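Working notes, beginning with the structure itself.
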Amino acid sequence: MYIWKHINHNPLELSDMVSSRLPTAIKLWIKKQVDSNMDWKAIKAGLCMTDEELDTFNLSNVIPKIPAGLIISYQDVQNIILARMNSLARKHF
């Protein structure tokens, strides 16, 4: 039996669980995009940063907030799309 060792964090601590999830504002933004019938490709296109924005982000002396476009993943959008589809399926069943 293999026991996975978590170095520098405990995955069962509340602070680690909260920090590993998307902020509520970003979840609501994704939900709004999905409700307007956008798919992953359309959402990702809207999240792309220009080269100037990336340079500003990389060269800043102060640690800035991470732009939403860098933390939203395909799986985050897919989860919200599937939740919406399940909700619609239950509504009509």
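The values are calculated or read from the model by the stated rules, or taken from the named source; none is laboratory data. Given the structure is predicted, the values throughout are model-derived calculations rather than measurements. Neighbour counts are summed over all protein chains in view; Cβ atoms, including those assigned to glycine, are modelled from backbone coordinates with ideal geometry. Surface areas here come from the heavy atoms of the whole protein model, side chains and all, with no ligands, DNA or RNA. Shrake-Rupley method; radii C 1.70, N 1.55, O 1.52, S 1.80 Å.
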Can Asn10 be described as open to solvent by less than 80 Å² (accessible area, probe 1.4 Å) and either of a type outside the set (D, E, K, R) or at pLDDT below 70 (or both)?
yes
In segment 31-38, is there at least one residue being outside any helix (DSSP H, G or I), at pLDDT below 65 and open to solvent by 90 Å² or more (accessible area, probe 1.4 Å)?
no
Check off (1) at pLDDT 80 or above; (2) among the aromatic types (Phe, Trp, Tyr); (3) not in a helix (DSSP H, G or I) for Trp4 and give me the number that stays unchecked.
(1)
Within the group Lys91, Lys65, which residue is at pLDDT below 70 and open to solvent by 70 Å² or more (accessible area, probe 1.4 Å)?
Lys65
Result of the Cβ filter at 6 Å on segment 68-90, keeping first residues that are assigned to a helix (DSSP H, G or I) and partners that are open to solvent by 80 Å² or more (accessible area, probe 1.4 Å) and at pLDDT 90 or above, at least 6 apart or interchain, is Ile80/Lys31
